[in-house]
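Data first, discussion second: the structure below is written as structure tokens.
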Amino acid sequence: MAHFGVVAPAFYSHFSALSALALALVARGHRVTFLQQADAGAYVRDARLGFHALGGASHPPGTLAASLQRAANPGSPLGLRRVITDMARTTTMLCRELPPALEALQIDALIGDQMEAAAGLVAEGMGLPFVSVACALPVNREPGIPLPVMPFNWSESERALQIVEGSTRVYDWMMTPHRKAIELEAQRLGVPGRGALHECLSPLAQISQTVAAFEFPRQDLPVHFHHVGPLRMPNAAAPARIDAMPDIDPNRPFVFASLGTLQGQRFGLFKRIATACRARKVQLLVAHCGGLNERQAQGLLRAGATWVCAFAPQEAVLARADAVVSHAGLNTVMDAIAAHTPILALPIAFDQPGVAARVCHAGIGLRASPRFASAATIGRQLGRLFEEPGFGERSSELAHSVRAAGGADRAADIVEAALRLARPAPNVVSHA
């Protein structure tokens, strides 16, 4: 049996998805240890998983909160630059501290989140086998496919191709601090020709939480790229507090609203959603993931929310909801697809604009501006989701692809097969 090291950015959603894969591997007799700055240890909630803290000097305990705050609210271009600098500093720290830690822990192979270049750089530099996992939208580049952070719809028109090319150049320019960090560490580790995330992916296996039917049409994915759908495990440890399912009136529409773990503090946006639901006489459950205080929660109830909680049993709630209002985080969107639930996407940051664009492309929902959409606009969009059957029908069609994708168990099959730890599972080499 193997000892796997897991390297991912210090975000709860990424650790949650990778924990599901890790627990599937543990169930097969393997050992798994996450490696990141000390504060990220709070995301490893199952005693069967290990955690090893790094970055004691550069990323000491108590410093993650500030970087998460910058990531959630970059604000100005200067703020965005600080977020990119944070990414660069973390990659540098991991590239320098992972090698001795991996040797001391006797790690046999790495599982690396696509959003952290250090996993691929260090694995290649040390000669360790590794598998890449896309917990967010895949960073694999392809002509004509907008980058995950871009809000553009897919099109084969000449104008669309020009927009993709131009936006990619702008993105690469903005990411210069991160590129320089990757280039420097690649040179130091003896791994030439690396400068961006998509250049640090595994040559053995690449796993994505998406399904092909949700993605834009792709032609150039490598043969070892696998869509497995959401990485979830029913027995995985949950957040610190999950409120019970509310007593929902079956005779009135029911909407679930969540903006994820980083954006749950957006009281003003939640208030507009609540006002929209009150105007349409819709039941609304808001889950703010601990981002709001009690006074703000009461304010949402006064504005029109039916229930307000920190954490809801998301999969169960989505199975009952007539629509979900979401920041278009990939975890929430994939759970909504699995539950056949139409989506109103209000993308805020990271790959959320790209996820929202794919929601519209797949015909399973609508999108609106989280900054400019009024309560009236949100209400009209919800009305369309309730009244136009096509959204639900396409959601049901896509849900079949998600159910068939295999999830964490299939991902574990792929990891074992790629590293020759077990016989290859049926249909392991597939883009389905």
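The values are calculated or read from the model by the stated rules, or taken from the named source; none is laboratory data. If you're wondering where the values come from, they're calculated on a predicted model, not measured in any experiment. For neighbour counting, all protein chains shown are included, and Cβ atoms are generated from backbone atoms with ideal geometry for every residue, glycine included.
Things worth noting here:
- Counted residues, the range 256-308 - those being β-branched (Val, Ile, Thr), buried (at least 24 other Cβ atoms within 10 Å of the Cβ) and within 22 Å of the chain's Cα centre (by Cα): 1
- Residue pairs whose Cβ atoms lie under 7 Å apart, separated by 6 or more positions or on different chains, with the first residue in the range 169-189 and on the phi < 0 side of the Ramachandran plot and the second surrounded by fewer than 14 Cβ atoms within 10 Å (Cβ to Cβ), are Ala186/Pro192.
- The condition (being surrounded by fewer than 24 Cβ atoms within 10 Å (Cβ to Cβ) and either in contact (Cβ under 8 Å) with a residue 40 or more places away in the chain or within 27 Å of Thr168 (Cβ to Cβ) (or both)) is satisfied by just one residue among Ala373, Ala345: Ala373.
- Residue among Ala349, Ala422, Ala405, Ala417 that alone is touching an Asp or Glu at 6+ places or on another chain (Cβ under 7 Å) and either within 30 Å of Ala123 (Cβ to Cβ) or modelled with pLDDT under 95 (or both): Ala422
- Taking the range 92-144 as the range and being of a type in the set (S, T, N, Q) and either over 16 Å from Gln36 (Cα atoms) or more than 23 Å from the chain's Cα centre (by Cα) (or both) as the test, the residues that pass are Gln106, Ser132, Asn140.
- From Leu221, Leu184, residue being of a type outside the set (Ser, Thr, Tyr) and over 22 Å from the mean Cα position of the chain (by Cα): Leu184
- Residue match in the range 65-85 (condition: surrounded by fewer than 22 Cβ atoms within 10 Å (Cβ to Cβ), in the same structural domain as Ala24 (by TED's automatic domain parsing), in contact (Cβ under 8 Å) with a residue 40 or more places away in the chain and on the phi > 0 side of the Ramachandran plot): no
- Looking across the range 99-127, the residues that are of a type outside the set (S, T, N, Q), assigned to a loop (DSSP other than H, G, I, E, B) and more than 17 Å from His178 (Cα to Cα) come down to Ile107, Asp108, Gly127.
- Residue pairs meeting the criteria (Cβ under 6 Å; at least 6 apart or on separate chains; first more than 12 Å from Arg358 (Cα to Cα) and in the same structural domain as Ala71 (by TED's automatic domain parsing), in the range 146-161; second modelled with pLDDT under 95 and surrounded by 14 or more Cβ atoms within 10 Å (Cβ to Cβ)): Leu161/Gly144
- Extreme residue, nearest to the chain's Cα centre (by Cα), among residues of the range 321-335 that are part of a helix (DSSP H, G or I) and among the polar types (S, T, N, Q): Asn331
- Tabulated pairs, the range 401-420, first aliphatic (A, V, I, L, M), second in a helix (DSSP H, G or I), C-beta under 6 angstrom, 6+ apart or interchain: Val402/Ile337; Val402/Ala338; Ala408/Ala20; Ala408/Leu21; Ala408/Ala24; Ala411/Leu21; Ala412/Ala24; Ala412/Leu25
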